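Q: My questions all concern the structure below.
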């Protein structure tokens, strides 16, 4: 994001669907940074850099797919996807498996970005 404009909230809180990891053991925390990555099937995948240990001793970071955003969130974010590096995503809600109800574990993210420029004025012919 450039330093000239202030980021605006695009999605205050949206759920990550199809969780591909055990939330309770993942090491995820509130306010962790996550990233968007378009998949071949058109979904927006949510990824995070998780700290793991090799042989329990050597720490390293690994990019892991958490899940994907729902279709409404993907539609809302469509105008910003030409430059996804301008988006800021943070984890704003975590419910691990041992605290979750029958719906299962949950991860929620917020999305902030640069305000879009207003649409260009195009005069109507004959008006």
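The values are calculated or read from the model by the stated rules, or taken from the named source; none is laboratory data. Only a predicted model underlies this, so the values are computations on that prediction, with no experimental measurement involved. We place every Cβ from the backbone using ideal geometry, glycine too, and count neighbours over all the protein chains shown.
Q: Return the only residue of 123, 59 being exposed (fewer than 10 other Cβ atoms within 10 Å of the Cβ), touching a strand residue (DSSP E or B) at 6+ places or on another chain (Cβ under 9 Å) and at pLDDT below 95.
A: Going through 123, 59 in turn, the sole match is 59.
Q: Shifting gears a bit: Has the stretch 66-87 got any residue that is over 30 Å from residue 6 (Cβ atoms) and exposed (fewer than 15 other Cβ atoms within 10 Å of the Cβ)?
A: No, there is no match, as no residue in the stretch 66-87 is over 30 Å from residue 6 (Cβ atoms) and exposed (fewer than 15 other Cβ atoms within 10 Å of the Cβ).
Q: Hey, residue 18 hits all of (1) touching a helix residue (DSSP H, G or I) at 6+ places or on another chain (Cβ under 9 Å); (2) surrounded by fewer than 16 Cβ atoms within 10 Å (Cβ to Cβ) but one; which does it fall short on?
A: (1)
Q: Shifting gears a bit: Could you check how many residues of the stretch 97-118 are closer than 11 Å to residue 23 by Cα and either assigned to a strand (DSSP E or B) or touching a strand residue (DSSP E or B) at 6+ places or on another chain (Cβ under 9 Å) (or both)?
A: 5
Q: Tally time: how many residues in the stretch 20-76 are assigned to a strand (DSSP E or B) and either under 24 Å from residue 101 (Cβ atoms) or under 13 Å from the mean Cα position of the chain (by Cα) (or both)?
A: Residues in the stretch 20-76 being assigned to a strand (DSSP E or B) and either under 24 Å from residue 101 (Cβ atoms) or under 13 Å from the mean Cα position of the chain (by Cα) (or both): 18 in total.
Q: I've got another one for you. Counting only residues that are touching a residue at least 40 places away in the same chain (Cβ under 8 Å) and in a helix (DSSP H, G or I), how many does the stretch 77-95 have?
A: Final tally of qualifying residues: 4.
Q: Can I ask one more? Would you be able to tell me the number of residues in the stretch 21-43 that are out of contact with any helix residue (DSSP H, G or I) (no Cβ under 7 Å at 6 or more places or on another chain), surrounded by 11 or more Cβ atoms within 10 Å (Cβ to Cβ) and closer than 23 Å to residue 115 by Cβ?
A: Qualifying residue count, the stretch 21-43: 4.
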